[in-house]
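What follows is calculated from the coordinates using simple rules that are stated; it is not laboratory data. Just so it is clear, the structure is predicted and the values come from calculations on it, not from any experiment. Heads up, the Cβs are rebuilt from the backbone with ideal geometry, glycines too, and the neighbour counts pull from every protein chain shown.
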There are 2 protein chains.
Amino acid sequence: MCCEAQFLQRLRERGLRLTPQREMVLRALHEVDSHATAEEIYARVSVQSSAVDLSTVYRTVELLQDLRLLSTIERADGQRAYELIGVHGPHHHLQCRRCGRLSRIEPEAVQPLIETLRQRYGFAAEPDHLVIAGLCEACREREAQEAQSAA
Amino acid sequence: MCCEAQFLQRLRERGLRLTPQREMVLRALHEVDSHATAEEIYARVSVQSSAVDLSTVYRTVELLQDLRLLSTIERADGQRAYELIGVHGPHHHLQCRRCGRLSRIEPEAVQPLIETLRQRYGFAAEPDHLVIAGLCEACREREAQEAQSAA
DNA sequence: GTTTCTGCAAAGCCTTTGCAGGCGG
DNA sequence: CCGCCTGCAAAGGCTTTGCAGAAAC
């Protein structure tokens, strides 16, 4: 588990401690395929041990964010969800405004934009992960059909 | 006020009504330079008339979103803020991860990315407004200096 | 041994909702 | 007039916080 070592190191640098709870939260985040809410992490951790509190999940998530190991996303339904940076490698997301589905895209797609921003605005973009709204292919077809049948 | 006419039209289409409260919220959003939170809109509206409730602000904001006249952003401090689409024209934002400042960029900068996404993923991106994290020029220099003096 | 961390419970904050009366069309 | 909107107040959901005991180092 690549991130555990990194986690441990960054904790040590700051004089912080590695606890079983923190390990479990980290593992849960690692297992989840996509983003997970605090509740989802909590549920997953609870299976292993009933001795972890929701507040600890929140505290650990905040810690991971400070350590730049975690990124946050706002889901279509407004729920906050978390994802480890670096598990799937850096990446970005497309979010369908109709079905709400998130899909992952390669960072290369965004690289030219980053270049442009640096040149034109002097801005060093570090999109841990960008969330781009739009219509996915399936929903686009659905909307096209609806428009037809409505006409 | 370009958006008021559009607002009225879309309200009518749905059999909804134009009330003084809705006008005031719209005006407040129009006057604000950047994004405004519900509280900020409320404060601004309260100056004109003490007879507007916070819940009405929330309801109006939600309505404007349904009507696709308003977009939401999550500020660096986690606060939700709102901005009319089309007042400043379509645009995107750069958000500095250090000072939190938002700056506006032209949509053209993002156009090539939208093309790429369509071609490679069949995704019809409609970024009302994208928020791209990174370091602004000033903070980048500051960090560089700090790194130097630390060494 | 210290200092950090945790669980528990309670508070806090922002946002939403129910309801009776008001008002736009 | 009808049905949408509003203010008020209260509920709601998620997140944070205070505290005393437990645990890492």
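In a simple Cβ point-charge model (Lys, Arg +1; Asp, Glu -1; nothing else charged), the stretch A:51-119 has a dipole of about 240 debye relative to its Cα centre. Debye-formula intensities of the stretch A:1-88, expressed as log10 I(q)/I(0) at q = 0.14, 0.16, 0.26 Å⁻¹, are -0.43, -0.57, -1.48 (one equal scatterer per alpha-carbon, no solvent). Given +1 at the Cβ of Lys and Arg, -1 at the Cβ of Asp and Glu and no other charges, the dipole of the stretch A:1-70 around its Cα centre is 340 debye to the nearest 20.
Placing unit charges on each Cβ (+1 for Lys and Arg, -1 for Asp and Glu) gives the stretch A:1-88 a dipole about its Cα centre, and among A:HIS35, A:THR60, A:LEU16 the Cα reaching farthest toward its positive end belongs to A:LEU16. Taking every alpha-carbon pair within the protein assembly as shown, the share separated by more than 31 Å comes to 41 percent. The angle separating the long axis of helix B:38-48 from the principal Cα axis of greatest extent in chain B is about 50 degrees. Think of the axis that spins chain A onto B; the A residue whose C-beta lies nearest it, and the distance in whole Å, is A:LEU113, 2. Quick check: the angle from helix B:54-66's long axis to the longest principal axis of chain B, C-alpha only, nearest 10 degrees? Rounded to the nearest ten degrees, it is 80.
Can you put A:SER50, A:SER55, B:SER34 in order of Cβ neighbours within 10 angstrom, beginning with the fewest?
Going from sparsest to densest Cβ surroundings: A:SER50, A:SER55, B:SER34.
Arranged from fewest to most other beta-carbon atoms within 10 Å of their beta carbon, B:THR60, A:THR72 become A:THR72, B:THR60. The charge dipole of the stretch A:3-117, taken about its Cα centre with unit charges on the Cβ of Lys, Arg, Asp and Glu (plus for the first two, minus for the last two), comes to roughly 160 debye.
When both the stretch B:59-94 and the stretch A:90-118 are represented by their alpha-carbon centers, they are found 20 Å apart. Cβ crowding within 10 Å, taken as a proxy for footprinting-reagent exposure, orders B:TYR82, B:TYR121 from fewest neighbours to most as B:TYR121, B:TYR82. Within the stretch A:21-83, list the GluC sites (Glu not before Pro) lying in a DSSP loop whose Cβ has at most 11 other Cβ atoms in a 10 Å radius. Answer by residue number: there is no such site.
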